[in-house]
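Enquirer: Have a look at this one before I ask anything.
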Amino acid sequence: MVANGPLLRLLPRLTDDVAFFWTSGEDGVLRFLRCNDCGFYIHPPGPVCPRCLSRNVEPQAVSGRGHVETFTVNYQQWIPGSDPYVIAWVSIDEQPDVRLTTNLVGVEPDDVWIGMPVRVLFEHAQDVWLPLFTPAEEAS
């Protein structure tokens with residue numbers, strides 16, 4: 001059985017500074033804040049670029065592709081009958097030092113490996129779209 005069932009999740013608060021991130025999945029596109037002056041992606045979002053200190057930042061789409069940096073498998077059944085699930089730290093291809101703590105879905109825990117190529121998909125919950133990742137083939 002593939003560990004990809006819905007989990008009980010605490011949802012983020014949609015404040016002005018992060019709402020774009022949690023709602024951008026509505027159109028299936030992952031977005032991060034990016035500096036318009038030096039091109040640095042900023043995550044978690046903040047009003048100032050940590051590289052050049054510019055305030056000229058805005059959300060920008062990324063490919064939604066990345067790689068598993070590290071992971072763990074949660075076997076604790078917080079909800080009776082729930083399957084084990086993978087919690088991963090995923091780096092995005094556009095800027096590998098931008099990483100998301102997320103769940104991997106559509107893959108058995110024993111089949112996950114560090115460096116595994118993944119792609120984003122979204123789980124819609126109330127008014128947010130949670131970015132999750134699933135295995136992807138390497139780009140040729």
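The values are calculated or read from the model by the stated rules, or taken from the named source; none is laboratory data. For clarity, every value in this text was computed on a predicted model and none was experimentally measured. Cβ sites come from the backbone with ideal geometry, for glycine too, and all protein chains shown count toward neighbours.
Enquirer: Out of contact with any helix residue (DSSP H, G or I) (no Cβ under 8 Å at 6 or more places or on another chain) and under 19 Å from PRO12 (Cβ atoms): does that describe GLU69?
Expert: The answer is no for GLU69.
Enquirer: Pairs needed: first member in the stretch 101-123, without any contact (Cβ under 8 Å) to a residue 60 or more places away in the chain and farther than 13 Å from ASP83 by Cβ; second member anywhere, assigned to a loop (DSSP other than H, G, I, E, B) and of a type outside the set (Lys, Arg); C-beta distance under 6 Å; at least 6 residues apart or different chains.
Expert: PRO117/ALA136; PRO117/GLU138; VAL118/ALA136; ARG119/GLY64; ARG119/ALA136
Enquirer: Here's something else I'd like to know. Test VAL73 against the criterion of being surrounded by 17 or more Cβ atoms within 10 Å (Cβ to Cβ) and touching a Phe, Trp or Tyr at 6+ places or on another chain (Cβ under 9 Å), and give yes or no.
Expert: Values: surrounded by 17 or more Cβ atoms within 10 Å (Cβ to Cβ): no; touching a Phe, Trp or Tyr at 6+ places or on another chain (Cβ under 9 Å): yes.
No; evaluated as a whole, the condition is false for this residue.
Enquirer: Shifting gears a bit: Where residues in the stretch 11-52 are part of a loop (DSSP other than H, G, I, E, B) and touching a residue at least 40 places away in the same chain (Cβ under 8 Å), which of them is surrounded by the most Cβ atoms within 10 Å (Cβ to Cβ)?
Expert: Going through the qualifying residues, I end up with LEU30.
Enquirer: Sticking with this structure for a sec: Considering ASP17, ASP27, which residue is at pLDDT 95 or above, closer than 21 Å to HIS124 by Cα and not small (Gly, Ala, Ser)?
Expert: Numbers: ASP17 fails: at pLDDT 95 or above.
Within the list ASP17, ASP27, the selection yields ASP27.
Enquirer: I need the full set of residues from the stretch 84-102 which are at pLDDT below 95 and either surrounded by fewer than 16 Cβ atoms within 10 Å (Cβ to Cβ) or of a type in the set (S, T, N, Q) (or both), in order please.
Expert: Of everything in the stretch 84-102, just one residue is at pLDDT below 95 and either surrounded by fewer than 16 Cβ atoms within 10 Å (Cβ to Cβ) or of a type in the set (S, T, N, Q) (or both), namely PRO84.
Enquirer: Looking at the stretch 55-140, what strands (runs of 3 or more DSSP E) fall wholly within it and have at least 3 residues that are more than 13 Å from the chain's Cα centre (by Cα) and farther than 22 Å from ASP17 by Cα?
Expert: It comes to 65-74.
Enquirer: Ok, one more. In this structure, is ARG34 closer than 21 Å to LEU14 by Cα, touching a Ser or Thr at 6+ places or on another chain (Cβ under 6 Å) and not small (Gly, Ala, Ser)?
Expert: no
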